[in-house]
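What follows is one structure encoded as structure tokens, with my remarks underneath.
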Amino acid sequence: MPGETLAIVAGSGMLPRLIAEDRATRGAPYVVVALEGVDLDWTGGHPVVSAAFEKPGKLFSDLRARGGGAFSRAGGIKRPHLNPMRFDF
């Protein structure tokens, strides 16, 4: 939907950066989701939400607060070691 904030769950590689730069150039709302353990050296100047794999509830709450409606995963992410004690059921 036009006007919805696109949440870009960013992994490695150029694709997440290219999507973010395209959204910024077009003035389309977006936010980069920076997951714990994923090194993103390009996020300066972009809106960013930090997230832990075990905290999806907090992530979705943060995204709703920013007007998020659309969600995209881009780039590679290695399977993380999850700690069941950290989950936010």
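The values are calculated or read from the model by the stated rules, or taken from the named source; none is laboratory data. Treat the numbers as computed from the prediction; the structure is a model and nothing was measured. When the accessible area is computed, the model is the full protein with side chains, heavy atoms only, and any ligands, DNA or RNA have been set aside. Shrake-Rupley method; radii C 1.70, N 1.55, O 1.52, S 1.80 Å.
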Residue by residue through region 78-85, which ³J(HN,Hα) values in whole Hz follow from phi under the Karplus form 6.51 cos²θ - 1.76 cosθ + 1.60 (θ = phi - 60°), with glycine and proline marked x?
-> 6, 4, x, 7, 8, 9, x, 6
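Among V48, V33, what's the order by accessible area (1.4 angstrom probe), most exposed first? Mind showing how you got there, number by number?
Working: V48 50, V33 0 Å².
Ranked list, largest accessible area first: V48, V33.
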Per residue, what volume in Å³ does the convex hull of the Cα atoms of the chain enclose?
-> 90 Å³
Enter the angle in degrees (range 0 to 90, nearest 10) between the Cα long axis of helix 15-26 and the first principal axis of the Cα atoms of the chain, meaning the one along which they spread out most.
-> 40 degrees
Where only protein heavy atoms count, and the probe is 1.4 Å, what is the accessible area per residue for the chain in Å²?
-> 64 Å²
One would report the antiparallel percent of DSSP beta bridges in the chain, rounded to the nearest 5, as 5 percent
Around Y30, which amide H atoms from residues at least 5 apart in sequence, or from another chain, sit under 5 Å from its own amide H, with H modelled in the peptide plane?
-> L6
Name the most mobile residue of A52, A34, A20, meaning the one with the largest mean-square fluctuation, in a Gaussian network model of the chain with Cα contacts below 10 Å.
-> A52
Tell me which residues come under 5 Å, amide H to amide H, from A70 once H is placed; ignore anything under 5 positions away on its chain.
-> T5, A7
Grab the DSSP H runs of the chain that are 4 residues or longer, score each as -39,500 (n - 2.57), total them, divide by all residues and round the 222 nm result to the nearest 500 deg cm²/dmol.
-> -7500 deg cm²/dmol
